[in-house]
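A short write-up of the structure that comes next.
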Amino acid sequence: DPDAPKRPPTAFLLYSKERRSAFAAENPHLTGRNILTALAEEWRTLPAEKRAPYERDYQSKMNGWRQATVDHNAEKDAAPGVSGAAQPFVAPAVHPPAAGDDASAKKKHKHKHKDKDKDKDKKKKKRKSVESN
């Protein structure tokens, strides 16, 4: 559902977003991928009291997202003409060919011509390459 609320970034993503530019300035020799790897290592070794603000922020945003998702689903279910339950897939009816219908024979015939045409094209190319030498 493209209109559904988007999940919030994790605590690590909040931390890396805040810290990335300063970290990159401190370590100009690192490229984007290496910066992310180093930030991940820094996050893993970060003491719990320094991680706590990011984790609280994440939990707060996650609770807001859960509520927004519940509200969104309730609005979607209440919308007229829209059913909240998924509708089962019903395949279109396939009718067997009628007696005397030679559609499949025609198809086979067409494929024979395609193969012959390919062979003719190959022979023409071969002749041209021989003639040019």
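The values are calculated or read from the model by the stated rules, or taken from the named source; none is laboratory data. For clarity, every value in this text was computed on a predicted model and none was experimentally measured. As a convention, Cβ positions derive from the backbone with ideal geometry for all residues, glycine included, and neighbour counts pool all protein chains shown. All accessible areas refer to the heavy atoms of the entire protein, side chains included, with ligands and DNA or RNA removed. Shrake-Rupley method; radii C 1.70, N 1.55, O 1.52, S 1.80 Å.
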Inter-probe distance in nm under a simple model that places probes 7 Å from Cα toward Cβ, at GLU55 and ARG20: 2.4
Heavy atoms of HIS29 accessible to a 1.4 Å probe, total area in Å² rounded to 10: 140
Area accessible to solvent at GLU41, 1.4 Å probe radius, in Å²: 90
Calculated from backbone phi, Karplus (6.51, -1.76, 1.60) coupling profile of region 19-26 in Hz, x at Gly/Pro: 8, 4, 5, 5, 5, 5, 5, 6
Sum of side-chain charges, LEU46 neighbourhood, beta-carbon under 11 Å (Lys, Arg +1; Asp, Glu -1): 0
Estimated FRET transfer efficiency (LEU46, VAL70; beta-carbon r; R0 30 Å; 0.05): 0.40
